[in-house]
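No lab work stands behind these numbers, since they all come straight from the coordinates. Everything quoted here is computed from the prediction, not taken from an experiment. Cβ placement follows ideal geometry from the backbone for every residue including glycine, while neighbour counts extend to all protein chains displayed.
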Amino acid sequence: MTDRVIPLLDESRQGLRAPVRPHATAPSGLVLDGLKRPLRDLRISVTDRCNFRCSYCMPKEVFDKDYQYLPHSSLLSFEEVTRVARQFVAHGVQKIRLTGGEPLLRKNVEILIEQLAALRTPEGQKLDLTLTTNGSLLRKKARVLKDAGLDRVTVSLDGLNDAIFRRMNDVDFPVADVLDGIEAAQEAGLGPIKVNMVVKRGTNEQEILPMARHFRGTGVVVRFIEYMDVGATNGWRMDEVMPSAEVMAHINESMPVVPLEATAPGETAQRWGYAGADGQYDPSLGEVGVISSVTQAFCSDCNRARLSTEGKLYLCLFAHQGYDLRELVRGGADDAALAGAIAAIWEGRADRYSQLRASMPPDQAAKSGRRIEMSYIGG
Ligand code: SAM
Ligand code: SF4
Ligand code: SF4
C-alpha cells in the first residue's frame, strides 16, 4: 500500500474526508500505523444520549434540555455499522466494544449485537464482543444481550455510598439499582464483569476501599480510572486526578496485592491480584486494576480505533476530528474502497496524546484545544 494519506478538512461537515484508494489491495488481517501499532480494538458509539449526567462527562449545565443531540437520520444504521465493522475485522480487529452515551438507550441494540456476533476474523475466530454501560438498564436487558451474542459487560459505578453516587450521576440514580444490574449480568453469564470507577480527588476517593472490599472475591474486577481531561466541558484540573499509584498503595495497606501480567498487548489496565495469607496471588480473591491514562501513558501500544455514532473514525480519544466513513458508505463506496480508506487512515496515524501530555506543564492539557466529548465517542 503506497498511497499517502492527505487528510482534507471538510469545513462544512467539521470532519476529515476519508481518502479513497481506487487500487487498494485486499485487507491482510494486519495494518500498522505510523508508530507500528496494529489495529486490534474497535470501539463503536451507538448513541450520543445518556440518562445520567456524570459531572466529569456530561455536566448538566452543558447537556441541558436545549442541547442538540444528533438526529436519528445521521446515526449509522445497524447494517451500516456492521458493514464498516466487517472491514475493520478484515484488517485485524479482534475486539469490539459498544459504548456511547449510554449504549442500552439505543433502541433494539441487541439486533446490532446479533449482527456483530456473526462476524469472524480472517482466521475464522469469533470476536470478543463487549459493552460498557452505566448499568441502569441492565436488569431489563442482560438476558436479551447475552442471547444476542454479547460476551461481557463493563459497568461504570463511582462508589457505594448512595449520596455520593447520586451526586456524581447528577440524576439521583441509586447505587442499589446498578448493583442489581450487575447481578443480572452475572446471572445472564455476561462475565467476567468489570466495574469501572472514575476516581476524582475531593469527590469520591473515600469510595476506593469500600468498592475494592465489596467486589473482592466475587469474580467482578474493579478498575480505578484516573479522571481524564477528555472533552472540553468537564472543567478538568490536574489536582483532581488521583494517581493510580496512590490508589494501589491505599488498597495494598489493607488488602495486600501482587502485580499480575497483562493478558493482551495494548491492554489499558494494569492488573493486581489479591494476595492470600502466604503473600502469593490467591485467585479465589480475584483481581483489581487501574487505568492510569494521565500518569502513565499507554500510547506506545495503543491499538484502538473509535467509530462515532454518525460514522466518523477517530484515531485517539483526544482527537478533535474524525474521518467521515458515513460519507463513503452512503456515497456508494464498495467494500474494497471502504477497506482501503480504513487502511490508509490507520497507516497515517501518529496519535499519542497522553505521552505528549506528560511533557506539558501542569494544567496546560486542560487548555489544549477543542476535543470531542467522551459521551460522543465513548470510553
Ligand atoms: N455510559 C456508559 C458508561 O458510563 O459506562 C458508556 C459510556 S462512558 C463515556 C464510558 C466510560 O468512560 C465510563 O466508564 C466513564 O466512567 C468513563 N469516563 C467518562 N468521562 C471520563 C473522564 N473524564 N475521565 C475518566 N473516565 C471517564
Ligand atoms: Fe452517561 Fe456514561 Fe457519560 Fe456517565 S459516563 S454521563 S453514564 S455516558
Ligand atoms: Fe491511545 Fe490516544 Fe489514549 Fe494514547 S492518548 S492511549 S493514542 S487513545
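Roughly what angle does helix 78-90 make with the longest principal axis of the chain, taking Cα atoms, 0 to 90 degrees, to the nearest 10?
Around 90 degrees separate the two axes.
If you average 1/r across every pair of different Cα atoms in region 233-312 and take the reciprocal, what Kirkwood value do you get, in Å?
So the Kirkwood estimate lands at 14.9 Å.
Tally the DSSP beta bridges in region 194-276 and give the antiparallel ones as a percent, rounded to 5.
Roughly 40 percent of the DSSP beta bridges within region 194-276 come out antiparallel.
Quick one: work out the % antiparallel among DSSP beta bridges in region 29-148, nearest 5.
If I count the DSSP bridges inside region 29-148, around 20 percent turn out antiparallel.
Do you know the relative contact order of the chain, to the nearest whole percent, from alpha carbon pairs under 8 angstrom that are 6+ apart?
24
Could you give each residue of region 39-54 its phi-based ³J(HN,Hα) in whole Hz, using Karplus coefficients 6.51, -1.76, 1.60 with θ = phi - 60°, and x for Gly or Pro?
Residue by residue, region 39-54 yields 9, 10, 10, 10, 10, 10, 8, 9, 7, 9, 9, 8, 8, 10, 10, 3 Hz.
Considering only DSSP states other than H, G, I, E and B, which GluC sites (Glu not before Pro) in region 229-296 qualify as loop sites with at most 12 other Cβ atoms within 10 Å?
E261
Quick one: angle between helix 138-148 and the longest Cα principal axis of the chain, in degrees between 0 and 90, rounded to 10, please.
The angle comes out at about 50 degrees.
Which translational diffusion coefficient, to the nearest whole µm²/s, is obtained for the chain from the Stokes-Einstein equation, given a Kirkwood hydrodynamic radius over C-alpha pairs, 10 °C and 1.306 mPa s?
Estimated diffusion coefficient is 74 µm²/s.
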